[in-house]
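Notes to accompany the following structure.
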């Protein structure tokens, strides 16, 4: 019987809910039925999470990813990349040591994916400020992974059963967004989104909705000209390439139709425009997937939830969904379709 694909699960901020949702997710046999999970993180934080969650899972430290295949049932394989003290992992209080460790978890998992030693990676939430204070200047997972993979054209998508939303701009101040909306950037996002949605759904020509930036699509320029200058030309160019892109469409009405299945994916101009409706529908089971990378990376769609850290109450549903999506994408990739 062939070995199951290895899946790297990065711990995220050890001071947050990441260790707990990992323990709860890996304790669900159905969640990991299609893979051999490998936790990339810290033993102190993982041991504490086992206690908090009342789990019976054991921990086995390994030095090489392939050793995870030999770990018995009821045991989590851990690749320990940090040895944090109890002071470094206080609940809800991110530290420089934890911020530096988070960076190493992500880099190691990505490099293992690039080397083909693991099939995919699923990530728990991080504290971007802590990582930056530790000397690693990135806006988040997506930007760091793009640099590690050497790609410029990448897209952040959040997906659930009803909605799939990608973003033209990601973690940017709202005042900066209009200046970042260019024909080239919108067109690239449409292209990468179409390719990613096609791989996720199996549809040869998925239907995409492209949102306007301004209310009522700018009302012919009364409320802004980004639609006329950038978004409409990008949509026209995409359609000329054979992409089924519709728009620009007003965000205040589009999501009503999108959640009914009228579109296979939605291209939003900025973070909250796309992710507020997505999380209204998929708060527990949404998945963050980075499109355009040469590796498979999925993630939870929520943050560090410091208020829940240490309670054992944080939901693992998004991580379970992220694991399942990563496994499914890896299976498609193995078949040569991705």
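Quick note: the coordinates plus some simple rules give every number you see, no bench work behind them. None of the values given here were measured: they were computed from a predicted structure. Please note: Cβ atoms are built from the backbone with ideal geometry, for glycine as well, and neighbour counts cover all protein chains shown.
Table for the structure above
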{"quantity": "Relative exposure of 164, 48, judged by other C-beta atoms within 10 Å (fewest first)", "calculated": "48, 164"}
{"quantity": "Angle in degrees between helix 271-282 and the longest Cα principal axis of the chain, rounded to the nearest 10", "calculated": "60"}
{"quantity": "Net length gained if the chain between residue 70 and residue 30 were fully extended (0.36 nm per residue, minus Cα distance)", "calculated": "12.5 nm"}
{"quantity": "Computed FRET value (nearest 0.05) for residue 236 with residue 284, which takes r as the C-beta separation and R₀ as 25 Å", "calculated": "0.05"}
{"quantity": "Computed label-point distance, nm, for sites residue 176 and residue 195 using a 7 Å Cα→Cβ extension", "calculated": "2.5"}
{"quantity": "Segment 153-287, relative contact order [Cα under 8 Å, separation at least 6], %", "calculated": "38"}
{"quantity": "Rounded tilt (10° steps) of 183-201 against the dominant C-alpha axis of the chain", "calculated": "60"}
{"quantity": "Square roots of five times the Cα gyration tensor eigenvalues for the chain, Å", "calculated": "36, 21, 17"}
{"quantity": "DSSP-defined antiparallel bridges as percent of all bridges, segment 153-287, nearest 5", "calculated": "35"}
{"quantity": "Beta bridges per DSSP with both ends in the chain, % antiparallel, nearest 5", "calculated": "30"}
{"quantity": "Pairwise label distance in nanometres, residue 86 with residue 3, each label 7 Å out on the Cα-Cβ vector", "calculated": "3.7"}
{"quantity": "Acute angle (nearest 10 degrees) that the helix 96-114 long axis makes with the longest principal axis of the chain, alpha-carbon atoms", "calculated": "80"}
{"quantity": "Gained length - residue 161 relative to residue 272, 0.36 nm times residue gap less alpha-carbon distance", "calculated": "38.0 nm"}
{"quantity": "Protection proxy ranking, peptides 76-89, 222-235, 15-28, 174-187, average beta carbon neighbours within 10 Å, highest first", "calculated": "15-28, 222-235, 76-89, 174-187"}
{"quantity": "Cα pair distances exceeding 18 angstrom across segment 1-64, given as percent", "calculated": "34"}
{"quantity": "Relative contact order computed over the chain (Cα-Cα under 8 Å; 6+ residues apart), in percent", "calculated": "23"}
{"quantity": "Compactness of segment 153-287 as Cα Rg over 2.2 N^0.38 Å, two decimals", "calculated": "0.95"}
